[in-house]
Amino acid sequence: MTPEQLQRIFDESAPDYSAEICTAAVFSDLSPNAIERFRARWIEHSENKRLSELSPEQLLEDASLLVDRKITFAALILFGTEKTLRTFLPQSEVVFEYKSSGRAGPAQQRVNIREGFFSCYDQLWELINLRNDKQHYSEGLFVYDIPTFDERTIREALLNAISHRDYRLGGSIFIRQFPQKIEIVSPGGLPEGITLENIIDRQNPRNRRIAEAFEKCNLVERSGQGMNLIYERLIEQSKPLPDFSNTDAYQVSMTISGQVKDPLFVQFLEKVSAERPDFQMETHDLILLDQIHSSLPINPESKPRLKELVELGVVECTGHGRGTRYLLSRSFFEMANKSGIYTRRQGLSRAANKELLLKHIQHSSEATMAEFRQVLPDLSDDQIKGLIRNLKQEGKIIKKGKTRGSSWISTSYPYLG
C-alpha cells in the first residue's frame, strides 16, 4: 500500500486517538502541577471562578479529558509525568536540538523532554529564547529591534505540532534550532483533507480533545489551526513564509526563517495600520502585499481583493488586461527613498513605449522581436506585438519577411549604416 492509503486506513480506524482511553492508566499518573496550570489558564480565559472549586478529577471530566473517570490519551499527553509517558506513551516526546550551523555533526545542545505539555510548554520557549538574537534597524533618529524568533509565532508552531501530530506513530517531535531558522518536524503527514494549498483556510484537528483543551485555555482559536497567525506574524516582520518542502506522508516539516528581508516593509505595514485604523488586514491581504513587494506572481482568484486594496490606496496598478501589474503605493517607495524605482515599476505610457520601439527600429538596419524584448523587458510578447501593429497602421514601419524570423524597418528614417 502507498503511504497515503495507509494514512486513510489509520484515519478511519481512529478518527481521534487522543479521545481513546488508556485502560492501564490511573489518575495518579497525571502531574498535579500540570493540572493546576491548565486550571489557571482556563479560569483566566473563561472568567469562570467556579472552576477553582472543582476537584482535579471533576475539572478534567468537565474538559472531556477524563471519561467516566477513565484516563484519555489526551490527558496523558497534556498532564502525564515522565514515568507515565515512558510506560504508556513513549512517543509523546519532544527533542530539542541547537546547532550553530547546518553542517553534519553533533548538536551543541540536545534536550529530550518527555512530560505532559503543561509541564514543559514554557521550558520549550525558554530553550529557544536562550539564543534568540535581536536584529537592529535604524530609521532617522529611531532605532528598533526585531527578534529573530517571534515568541507568538514559535509558540503557535509548537501548539500545531502537539495537537496535530499522529500519536499512533513511534517518532518524536523534533525542534531543530539554528542561528537564523527553526525546523519543527512532527510524525504523520497532513490530516485528511488538508493540503499545503488550503492549510490556511481549512481545519481538521487530528487530536480534537487536545485542540479543545487548548481552546479552553485560549492557546488556540476554534476558527482555525493557527497557521493563519503564523503567516501573518512572519509577513508583518518581513520574514519568509514557512517552508514545508520536507513534508511528506510520514511527517509535517515546517521551517521558520528569522531573517528580516526588508525592515522598510515592516514600517509600510505599520503606516497602513496607523493611517487606516478601520481597515483590518486579513491573512490573504498580507500574503498579497508580500507577493507584490517580492514581485511574485499573483493568483488570478485574488483579483477581487486586489481591487479593494487599490481602492484603499494601499496598492496601485498599471496596465490593462494581461499586462496589468501591481505595486505597493507610492508612499512605500518615498518612505524608502526609492521613488525612482517606483517610476520604473509604474512603467512608461503606451505612447512612450511606442516611441522607444520606433527609435530602436530607426537606428537599426532591421529590428527583430528578440530585440524588442530587450527594449521593453517588462512587457509581454502580446503587448509588444500590439505596439508594433499600431506603428504599422500609422505607416511608420513595415515588415520584412513572412516567417517567424521576420524583421521590421522604418519608413521615415532609413538606416544610414
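Please report the equivalent ellipsoid semi-axes of the stretch 127-222, computed as sqrt(5 x eigenvalue) of the Cα gyration tensor, largest first, in whole Å.
On the way: eigenvalues 188, 53, 35 Å².
Rounded to whole Å, the semi-axes are 31, 16, 13.
Before rounding to the nearest 500, sum -39500 (n - 2.57) across all DSSP H runs of length at least 4 in the chain and divide by the residue total; then give [θ] at 222 nm in deg cm²/dmol.
Details: 17 runs with 173 residues, N = 417.
Calculated from helices alone, the mean residue ellipticity at 222 nm is -12000 deg cm²/dmol.
Give the Kirkwood hydrodynamic radius (Å, one decimal) of the stretch 8-127, defined as one over the mean of 1/r across all pairs of different Cα atoms. Provide the component values of the computation, followed by the final result.
Details: mean 1/r = 0.0626 Å⁻¹.
Across the stretch 8-127, the inverse of the average 1/r is 16.0 Å.
Going out from 0 in 10 Å bins, what whole percent of all Cα-Cα distances in the chain drops into each bin?
4, 17, 22, 19, 15, 10, 6, 4, 2, 0
Name the longest site-free stretch of the chain, where the excluded sites are chymotrypsin sites (Phe, Trp or Tyr not before Pro) in a DSSP loop with no more than 16 other beta-carbon atoms within 10 Å. Mind dumping the intermediate values first?
Values: sites that count: 244, 250, 279, 415.
Within the chain, the longest run free of exposed chymotrypsin sites (Phe, Trp or Tyr not before Pro) spans 1-243.
Strictly over 25 Å apart at the Cα level, which of 99/216; 271/303; 354/400; 354/402; 239/271 would you flag in this model?
99/216
Considering the dipole of the chain built from charges on the beta carbon (Lys and Arg +1, Asp and Glu -1) around the Cα centre, which of 113, 78, 390 is farthest to its positive end?
390
Please report, in whole Å, how far the alpha carbons of the stretch 64-114 spread along each principal axis, starting with the longest.
Cα spread of the stretch 64-114 along its principal axes, largest to smallest: 51, 19, 12 Å.
Given a Förster distance of 60 Å, report the FRET efficiency between residue 107 and residue 389 from their Cβ-Cβ distance, rounded to the nearest 0.05.
Values: r = 64 Å, r/R0 = 1.06.
My answer for the efficiency is 0.40.
How big is the C-alpha Rg of the stretch 350-410 next to the rule-of-thumb value 2.2 N^0.38 Å, as a ratio? Before the final figure, lay out the partial values.
On the way: Rg = 10.3 Å, N = 61, 2.2 N^0.38 = 10.5 Å.
That ratio works out to 0.98.
Normalise the Debye intensity by I(0) for the stretch 202-263, one equal point scatterer per Cα, no solvent, then take log10 at q = 0.12, 0.20, 0.26 Å⁻¹ and round to two decimals.
-0.40, -0.92, -1.08
If one computes P(r) from the Cα atoms of the stretch 152-279, what percent of pairs lie at distances over 27 Å? Display every interim value, and only then the final one.
Numbers: 1833 of 8128 pairs.
I get 23 percent for the Cα pairs in the stretch 152-279 exceeding 27 Å.
Would you please give the residues with an amide H less than 5 Å from that of residue 251, counting only those at least 5 places away or on a separate chain, with H modeled from the backbone geometry?
188, 189
With an 8 Å cut-off on Cα pairs and a minimum separation of 6 or more residues, tell me the relative contact order of the chain in percent. Before the final figure, lay out the partial values.
On the way: 592 pairs, mean separation 46.2, N = 417.
Value for the chain: 11 percent.
Read the figures in this text as sums done on the coordinates, not as results from a lab. Computed from a prediction, not measured in an experiment: that's the story for all the values here. Note that we place each Cβ from the backbone using ideal geometry, even for glycine, and neighbour counts take in every protein chain shown.
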